[in-house]
Structures are given as C-alpha cells and as structure tokens.
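In what follows, a single structure is set out as structure tokens and then discussed.
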Amino acid sequence: MSDTGIPSITLPRSPRAFAAFELATALQSKLVGVLREAALHSIADDVHFEPIEWGRDGGQHGGGRRLQNWDSSAFDRASCNVSAVHYDDMPEKRLASANALSCIVHPRPASAPSLHMHISYTEMRDGRGYWRIMADLNPSHPVTADTDAFREAVRQAFLTRPDGQALFEHAVDQGNKYFFIPALNRHRGVFHSYLEQFQTGDFESEKVFALGVGGAVIAAYGNILRSRLVSRDDAAARQSQLEYHTLYFFQVLTLDRGTTSGLLVHDQNDVGILGSLPSHVDTVQLVQWLDRVPALQRPLLETLIQQLSGDGCTRVTEEKKRALAAAVRSFYRDTPNALALQARGDVVPPTVQNHK
C-alpha cells in the first residue's frame, strides 16, 4: 500500500513533486467537501463521491484517484481527479514527474454553472519546474452577480502576489484565448483564467499561490452552488442546458489541447481524462456544426458523432467515452498537423514530447 492509499502505486521521489501531489490531494478533498455541503445545505441530499483508482503502467509510474458523483439530484457529472505520474526509473525521459488536480462539475439544475479547475506541477529531468493554473466558470444560464463574484475571488487570490494585478490580467487574457471557440465565434464560459508554465524560482511561494487560487475558486463556487442548486428547471431550461452541454462536449473533444495531450500520452485513464464530458449531448446540434469546423478537422467531428450513435439527445456512457477517446487518439496520430487547430495561449506546453 502506497502513501496514496492506492495499492501498488508509487509516488515521485522529488520533494517538490511530492509537495505538489499533497497540494492537489488537499484541494481535491476540500472541493468534494464543499460540493457535498452545498448539496446538503440546498436540497438536503448527502451525495456520495465514489473513488475510482488507476495506475500508470500498473502503478510503476504512478497513477491517481478520481472522486466522482454521477446522476444525483445535485450533480449531472462531478469528477475530481488527482494524478501523480513520474519516470524516476527512466532517466532517458525529459519529464521527471507531473502531478495534477483536474476537476469538472456539471450541476443538475440548469441555473447552476459548471466549473473547471486544473492545477498541476511539472518537473523536468534537469530540475526545472513549472505550474499550470486554470479556473473557468461555465454556465448555461449566465448570472452577472455569479460571474462578478467568481472573478473577484480569483482576482483577490492573485493580489496576494506583488505582481498580482498584472498577473491576473495576463491569466484572463490567456484564458480568453484558450477557451475561445472559433467555429462558433464564442467562448466556452463567462470567466476564464489560465497561467501556463508559471514559475518564479521560488517553489514555496509558488505553492502558496497555487493553493490560494485553488482555495478561492472552491469557496466562490461553493457560494454560487448554495444559491443555485435549489432552482427548479422547466423544459426550456433543460433544453438550453443540453445545448450548452453539447457546446462543452464540442470544445473539449475538438479544441482542448490538455485533453488531447492526455489521450495521446497514454490510454490507461481514458474515462478519467474525459471526466469533463456531461451526461448527454445533442447529436443533431453537432451535425449542424460540421460545416463550421475547418475541413482538416471535420473527419474528427464526424467520427465523434458516429461514436455517440444516437439521434438527438444522446447519453455519454463510459463505453462511449472509451470509444471517443480512441477516436481522438487515432485522428491526431494519423493527422498530426490538425493539432495546430487546437486551443492555445501564448505558450504551448510540449506535453506529449515530454513523455516520450
């Protein structure tokens, strides 16, 4: 039994990598606690998060634990994954370790916004390390007060640094670039913050900052949920939510560079990597978007629609997630120049190359 509580999974030897793993685990526990509290407070439902464990190469090179809640009265899909991948026994690799927290929440009520948060620390073989810090609020029914409160909470977390305001503005600019959907001429959400390869040379201060941003995001989102989970949906609200979930699906599987990189690196956690997908999407809407995507990318969307194998509102099962993951992996291996069409900020991390 390893320190993770997961049998046969090893942890990275680097003290900085292990500290990043502990940070991710602490934030995972905090978010799940806030989600459960919000559901209990708002709708008196004590929701349960099931632990799902996976090992990289049988645990020899790490792995992770995902906590998930599906199809409850509070959450359509809620997935919070911590991973600790390392190559301590493979000195020929450029990457030493990658430790990440990746959380996606799609609430059941249409008026409650979805959340995405990703905080990771990557350490290279030569000792260099950097953080990726992402947070975005994604509602199907935007509420200005919710957006403002979420944005201000993230800004205040950035202001704990001397360069905080400038860093915050940079993160918002990068988030808006990354989460823009050219084919639909819109962003995925209402607020996006994204720092890529953040490093100052002072690991301890970086860690405090990453923990502070994660804590601020969790607290702000919990406050929003407590007021929105009580809402009752009519047919129009549910239809609007389905349309938004379809857009989310479209962005993740055709544009999200982080998702694609994860699928290209290995096939040992496909369901977890696609934990961001909502439970249902509208295949008719996806067909209508075929003519909007670049010709080079159109075969990918056609294959995704085929794998969903539905007409209209279609359930995204675990079996379909595996098929979708295989389709994305196959497409980009056969058409690597299509990667240039994926989302990016000013810096494009060489994630796939690092794992080779």
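The values are calculated or read from the model by the stated rules, or taken from the named source; none is laboratory data. This structure is a prediction, so every number in the text was calculated from the model and none was measured. Here the Cβ positions follow ideal geometry from the backbone for every residue, glycine too, while neighbour counts run over all protein chains shown.
Check Ala112 against each of (1) touching a strand residue (DSSP E or B) at 6+ places or on another chain (Cβ under 6 Å); (2) farther than 17 Å from Ala17 by Cβ; (3) crowded, with 23+ Cβ neighbours inside 10 Å and name the one condition it does not meet.
(1)
Evaluate the following for Phe150: is it under 26 Å from Glu243 (Cα atoms), among the aromatic types (Phe, Trp, Tyr) and surrounded by fewer than 24 Cβ atoms within 10 Å (Cβ to Cβ)?
The answer is no for Phe150.
When you check Arg232 against the structure, is it of a type in the set (Lys, Arg), over 19 Å from Phe150 (Cα atoms) and either assigned to a loop (DSSP other than H, G, I, E, B) or in contact with a strand residue (DSSP E or B) (Cβ under 7 Å, 6 or more places away or on another chain) (or both), yes or no? Talk me through it step by step, then tell me what you get.
Numbers: of a type in the set (Lys, Arg): yes; over 19 Å from Phe150 (Cα atoms): yes; either assigned to a loop (DSSP other than H, G, I, E, B) or in contact with a strand residue (DSSP E or B) (Cβ under 7 Å, 6 or more places away or on another chain) (or both): yes.
It is true that Arg232 is of a type in the set (Lys, Arg), over 19 Å from Phe150 (Cα atoms) and either assigned to a loop (DSSP other than H, G, I, E, B) or in contact with a strand residue (DSSP E or B) (Cβ under 7 Å, 6 or more places away or on another chain) (or both).
Test of understanding: among Ala157, Ala210, which residue is in contact with a Gly (Cβ under 7 Å, 6 or more places away or on another chain), under 23 Å from Gly33 (Cα atoms) and not in a strand (DSSP E or B)? Walk me through how you get there before you give the answer.
Details: Ala210 fails: in contact with a Gly (Cβ under 7 Å, 6 or more places away or on another chain).
Exactly one of Ala157, Ala210 is in contact with a Gly (Cβ under 7 Å, 6 or more places away or on another chain), under 23 Å from Gly33 (Cα atoms) and not in a strand (DSSP E or B), namely Ala157.
Please enumerate the residues belonging to region 275-296 that are polar (S, T, N, Q), touching a helix residue (DSSP H, G or I) at 6+ places or on another chain (Cβ under 7 Å) and either free of Cβ contacts under 8 Å to residues at least 12 places away in the same chain or surrounded by fewer than 18 Cβ atoms within 10 Å (Cβ to Cβ) (or both). Working first, answer last.
Step one: of region 275-296, the residues polar (S, T, N, Q) are 276, 279, 283, 285, 288.
Next, from what is left, pick out any that are touching a helix residue (DSSP H, G or I) at 6+ places or on another chain (Cβ under 7 Å): 276, 283, 285.
Result: Gln285, single match.
Which residues, counting only those in region 68-101, are closer than 22 Å to Thr317 by Cβ and crowded, with 21+ Cβ neighbours inside 10 Å?
Asn69, Ala74, Phe75, Asp76, Arg77, Ala78, Ser79, Cys80, Asn81
Could you check region 49-71 and list, in sequence order, the residues that are part of a loop (DSSP other than H, G, I, E, B) and at pLDDT below 95?
Gln60, His61, Asp71
If you check every pair at least six apart or on different chains, which have Cβ atoms under 7 Å apart with a residue in region 307-334 that is under 20 Å from Val284 (Cα atoms) first and a residue that is acidic (Asp, Glu) and outside any helix (DSSP H, G or I) second?
Partner pairs satisfying both residue conditions: Gly312/Asp282; Cys313/Asp282.
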